[in-house]
Amino acid sequence: MELTSEQLAIIQSNGDIKINAVAGSGKTTTVIEYARTRPQSSKILYLAFNKSVKLEASQKFSAKGMRNVKVETAHSLAYKNIVYKYGYIVKSTGYQTSEIVELLGIKGTGEKHMEYVIANHVSKFIAYFCNSDKTKVQELNYSETINDPKAKAFVIKYYPYIEKQTRILLSKMDKGEIEITHDFYLKKFQLSQPILPFDYILFDEGQDASAAMLDVFLMQKAAKVIVGDTHQQIYSWRFAVNSLEKAKFQTYHLSNSFRFGPSVAKLALDVLNWKKILNIKCEAILEGKGGKGKPKTKAYIARTNLGLLVKAIDVVVDGRMAKKIYFEGNFNSYTYADDGASLYDVLNLYNGKRDRIRDKLIALMPSMTDLEEYVEKTEDVQLGMMVELVKEYGNELPKIIKTIKEKHLENEDRDKAEIIFSTVHRSKGMEYDEVVLVKDFMTKEKLETRIKENGDKEVDIAKLNEEINLLYVAITRTKWKLHIPEELIDIEFPECDEINVIPLVEKTVSYQNGKNTKSQEKAYNVLELRKKHGAAYRPWTEDQDDELIEMYEEGYSINELAEHFERTKGAIFARIKKLELDPY
């Protein structure tokens with residue numbers, strides 16, 4: 001294998017270094033060669049980002065016969081040093097909001113669902129502290145992490161109480177009175193100021209490391225190598241920090257991507273240049289040197305769980321394709337919130353079937369309106385996603401999900417999938433032959449509007465910067481073909497074989513008197529969508545049924561039919577089944 005001059009410079013370097021590596025640049029190959037050229041007597045630690053990367057890296061080091069390299073994740077390293085030593089029991093799923101209420105005996109004071117809102121913020125405050133490099137909870141200001149005005153006002157009002165309950169719950173874990181979380185033992189590991197018995201430590205995906213783990217890394221006496229891509233930081237919502245910027249080491253670059261060609265590289269750079277709108281200096285270098293091939297597998301990548309599920313429904317059910325599909329990260333994870341609530345709990349609340357609700361928090365909600373108020377006060381994105389899905393598809397959801405599951409492959413058969421669905425976060429570190437981006441990413445126009453509309457008000461620049469990074473990561477997952485929505489690409493971008501632009505209108509929507517007429521697709525916010533579908537379940541007329549049958553048989557999608565008849569997709573599904581057209 002012939003190494004590039006950039007790779008050779010890294011391999012021949014000495015001392016602490018950091019490597020800014022673009023997507024698909026062969027950083028794993030470079031790090032392996034770096035380790036291979038160190039003295040065989042050296043003890044080397046490779047810190048992987050997650051369990052799947054750890055397994056892959058272990059196999060690669062083993063294939064090279066490098067038994068002096070120990071591969072760990074930050075959590076596996078902390079687990080071995082803390083959990084065994086103190087005899088802790090780990091709660092693998094974390095604490096649900098209702099469990100925190102019971103453990104702390106939190107009482108409401110008349111404000112609706114106050115005890116559960118408090119518990120939700122205690123859970124997030126603990127995650128914030130455990131991922132930080134601080135030694136005390138009091139050194140942090142949790143309210144600074146809240147963006148929604150209503151949620152922020154609530155936290156500020158009850159801040160002393162939230163902080164006190166956070167400290168009490170952490171103390172209970174520390175004393176072993178209750179099970180500990182994964183975040184807790186990582187934090188305890190950092191606070192123990194460990195000195196690790198290695199000569200070299202190679203820290204991968206440094207741009208998404210927690211401040212706690214970075215602190216452990218920097219305190220080591222070993223020669224340190226931190227690798228990552230500044231523009232792939234997408235985990236700030238988990239309180240990650242861009243360690244590449246914080247590590248004051250000599251900088252090296254890997255700027256050649258062997259994953260994709262020059263057109264995709266140019267598009268990725270164009271997107272990164274949006275950062276100038278935020279007054280962020282962007283000096284990215286990216287050369288696309290990948291080859292061309294014939295795609296075998298297509299991946300749909302979305303910004304959000306909601307966007308991905310809607311696209312999956314469109315593709316799998318509406319497309320009437322008997323395809324083998326696979327969801328990165330297990331399909332069930334898209335129908336359950338981290339807090340334990342399921343899509344079915346929300347649907348049962350929607351239908352007033354309270355006896356079927358399993359989640360304690362959802363069971364306490366008198367109505368969907370109350371649940372939406374709770375979502376506003378807690379910024380619970382996952383619950384908010386479930387609410388919108390239920391309101392959009394209604395009682396057709398269980399049948400739709402059942403159909404998707406029937407087409408879904410098990411983990412061991414992933415390689416046989418013809419279509420893969422993934423969010424950007426779950427696709428991190430992956431690559432696919434062909435990628436289709438779902439229409440739920442931040443656009444340049446929205447970015448400019450957000451800055452303009454805020455005026456003198458404070459703008460969350462870090463959050464907007466991460467939105468750009470999310471799109472960059474999604475674009476750079478492809479090897480040979482990329483399908484990108486028109487609104488995400490500059491109108492002057494040159495035509496090329498590698499990139500296919502998805503127009504604003506993929507198929508004509510209007511249908512009158514047996515003829516198609518062009519109609520522009522419109523994006524709706526949630527309030528507009530509710531207003532638009534206010535009469536979604538009004539009675540169907542005979543003429544509408546005839547029109548629906550004709551349009552459906554001509555191949556119009558559920559999306560387009562819902563747009564045309566001004567009804568929800570769930571209502572369209574139900575009517576198609578009623579007319580025995582069978583959308584599955």
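The values are calculated or read from the model by the stated rules, or taken from the named source; none is laboratory data. What you are looking at is a predicted structure, and each value in this text was computed from that prediction instead of being measured. Please note: Cβ atoms are built from the backbone with ideal geometry, for glycine as well, and neighbour counts cover all protein chains shown. With ligands, DNA and RNA removed, areas are computed over all heavy atoms of the protein, side chains included. Shrake-Rupley method; radii C 1.70, N 1.55, O 1.52, S 1.80 Å.
Evaluate the range 209-218: report whether one residue or more is within 21 Å of Thr476 (Cα to Cα) and buried (at least 19 other Cβ atoms within 10 Å of the Cβ).
Checked against the condition, which is being within 21 Å of Thr476 (Cα to Cα) and buried (at least 19 other Cβ atoms within 10 Å of the Cβ), the range 209-218 yields at least one hit.
Just to check your reading of the model, which residue among Ile106, Ile126, Ile118 is under 23 Å from the mean Cα position of the chain (by Cα) and β-branched (Val, Ile, Thr)?
Matching residue, one of Ile106, Ile126, Ile118: Ile126.
Would you confirm whether or not the range 281-296 contains a residue that is open to solvent by less than 10 Å² (accessible area, probe 1.4 Å) and either in a loop (DSSP other than H, G, I, E, B) or farther than 27 Å from Ala23 by Cβ (or both)?
Among the residues of the range 281-296, not one is open to solvent by less than 10 Å² (accessible area, probe 1.4 Å) and either in a loop (DSSP other than H, G, I, E, B) or farther than 27 Å from Ala23 by Cβ (or both), which makes the answer no.
Between a residue in the range 543-557 that is under 14 Å from Phe573 (Cα atoms) and any residue that is assigned to a helix (DSSP H, G or I) and basic (Lys, Arg), which pairs come within a Cβ distance under 9 Å, given they are 6 or more apart or on different chains?
Asp545/Arg575; Asp545/Lys578; Leu548/Arg575
Of all residues in the range 74-102, which are of a type in the set (Ser, Thr, Tyr), closer than 20 Å to Lys164 by Cα and in a helix (DSSP H, G or I)?
If the condition is that a residue be of a type in the set (Ser, Thr, Tyr), closer than 20 Å to Lys164 by Cα and in a helix (DSSP H, G or I), then Thr97, Ser98 are the ones that fit.
Return a yes/no flag: does the range 216-234 have any residue that is within 28 Å of the chain's Cα centre (by Cα), closer than 16 Å to Phe129 by Cα and of a type outside the set (Val, Ile, Thr).
No, that holds for no residue.
When you go through (1) surrounded by 15 or more Cβ atoms within 10 Å (Cβ to Cβ); (2) over 28 Å from the mean Cα position of the chain (by Cα); (3) without any contact (Cβ under 8 Å) to a residue 40 or more places away in the chain one by one for Ser58, which number turns out not to apply?
That leaves (2) as the condition not met.
Modelled with pLDDT under 90 and over 23 Å from Ser42 (Cα atoms): which single residue out of Leu254, Leu244 fits that description?
Of Leu254, Leu244, the one residue that is modelled with pLDDT under 90 and over 23 Å from Ser42 (Cα atoms) is Leu244.
Please identify the pairs in which a residue from the range 370-398 that is more than 18 Å from Tyr116 (Cβ to Cβ) and without any contact (Cβ under 8 Å) to a residue 60 or more places away in the chain has its Cβ atom under 6 Å from the Cβ atom of a residue that is assigned to a helix (DSSP H, G or I) and open to solvent by less than 20 Å² (accessible area, probe 1.4 Å), counting only partners at least 6 apart or on another chain.
Final answer for the pair search is Val390/Val346; Val390/Leu347.
Touching a strand residue (DSSP E or B) at 6+ places or on another chain (Cβ under 8 Å), touching a residue at least 12 places away in the same chain (Cβ under 8 Å) and within 30 Å of Arg259 (Cβ to Cβ): does that describe Arg426?
No.
Quick check on the range 1-14: of everything there that is in a loop (DSSP other than H, G, I, E, B) and modelled with pLDDT of 95 or more, which residue is farthest from Asn242 (Cα to Cα)?
Result: Gln12.
Please find, within the range 525-567, the residue that is farthest from the chain's Cα centre (by Cα) out of those that are modelled with pLDDT of 80 or more and part of a loop (DSSP other than H, G, I, E, B).
The qualifying residue farthest from the chain's Cα centre (by Cα) is Thr541.
The conditions are (1) modelled with pLDDT of 85 or more; (2) assigned to a helix (DSSP H, G or I); (3) not charged (D, E, K, R), and Val310 fails exactly one of them. Which is it?
(1)
I'm trying to understand the selection: among the residues of the range 160-173, which are open to solvent by 40 Å² or more (accessible area, probe 1.4 Å), in contact with a helix residue (DSSP H, G or I) (Cβ under 9 Å, 6 or more places away or on another chain) and more than 16 Å from Asn131 (Cα to Cα)?
Selection gives Tyr161, Ile168, Lys172.
With respect to the numbered conditions (1) surrounded by fewer than 19 Cβ atoms within 10 Å (Cβ to Cβ); (2) at pLDDT below 95; (3) part of a helix (DSSP H, G or I), which one is the sole condition not fulfilled by Gly65?
(3)
Would you confirm whether any residue within the range 110-122 is in contact (Cβ under 8 Å) with a residue 60 or more places away in the chain, outside any helix (DSSP H, G or I), polar (S, T, N, Q) and within 27 Å of Met368 (Cα to Cα)?
For the range 110-122, residues in contact (Cβ under 8 Å) with a residue 60 or more places away in the chain, outside any helix (DSSP H, G or I), polar (S, T, N, Q) and within 27 Å of Met368 (Cα to Cα): absent.
Within the range 33-62, count every residue that is more than 16 Å from Asn14 (Cα to Cα) and not in a loop (DSSP other than H, G, I, E, B).
16
Return yes or no: is Glu388 assigned to a helix (DSSP H, G or I) and either in contact with a helix residue (DSSP H, G or I) (Cβ under 8 Å, 6 or more places away or on another chain) or of a type in the set (S, T, N, Q) (or both)?
yes
Which one of these is open to solvent by 20 Å² or more (accessible area, probe 1.4 Å), among the aromatic types (Phe, Trp, Tyr) and touching a Leu at 6+ places or on another chain (Cβ under 9 Å): Tyr95, Tyr84?
Unique residue meeting the criteria: Tyr95.
Among (1) surrounded by 15 or more Cβ atoms within 10 Å (Cβ to Cβ); (2) over 34 Å from the mean Cα position of the chain (by Cα), there is one condition Ala21 misses while meeting the rest; what is its number?
The one condition Ala21 does not meet is (2).
Under 8 Å by Cβ, and 6 or more places apart or on different chains, what pairs join a residue from the range 126-148 that is without any contact (Cβ under 8 Å) to a residue 24 or more places away in the chain and more than 18 Å from Thr181 (Cβ to Cβ) with one that is assigned to a helix (DSSP H, G or I) and open to solvent by 10 Å² or more (accessible area, probe 1.4 Å)?
Hits for this filter: Ser143/Lys152; Ser143/Ile156; Ser143/Tyr159.
Has the range 173-186 got at least one residue that is in a helix (DSSP H, G or I) and more than 22 Å from Val241 (Cα to Cα)?
Within the range 173-186 (the criterion being in a helix (DSSP H, G or I) and more than 22 Å from Val241 (Cα to Cα)), the answer is yes, since at least one residue qualifies.
From Thr478, Thr443, grab the single residue that is surrounded by fewer than 23 Cβ atoms within 10 Å (Cβ to Cβ) and touching a helix residue (DSSP H, G or I) at 6+ places or on another chain (Cβ under 8 Å).
Thr443
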